[in-house]
């Protein structure tokens, strides 16, 4: 399978596994709306919820987080969790995401509800959330890529 980013793991994106392809241009580049509602499995094989939103860092042009909706019925009473995009793997065979955390650890994360979202642009909140999922913050990965890639780094005059 061809990829626009052959160094997937170094740029902080979600991994892709499997040989399955659905309708449309995926799986390397996909419309965010096609991923909403995808089920999410924990690293220990438990169904833990569905993707309810994909949050964009508008200023930096990056996916900041996926929001997992856990529990509830028809969106009522569900607990939400912000998950670093890099903590997810898209499994094209199973047509789901796998989050790199055990189900109980995910359930122990207090999360938030639809009426009380955290300030996702707050770096302190972002650091604690990334630390919980044992991931480097996506904005650090962006900074490192720009510093280390001469094709991206602004020319020095």
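Only the coordinates and a few stated rules stand behind these numbers; no lab work does. Owing to the predicted nature of the structure, the values given are computational and were not obtained by experimental measurement. Cβ coordinates were reconstructed from backbone atoms using ideal geometry, including for glycine residues, and neighbour counts include every protein chain displayed.
Tabulated values for the structure
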| quantity | calculated |
| --- | --- |
| In nm, spacing of pseudo-spin labels at residue 127 and residue 58 (7 Å Cα→C-beta vector) | 2.6 |
| Residue 15 versus residue 102: modelled label distance in nm, points set 7 Å from Cα along the beta carbon direction | 1.9 |
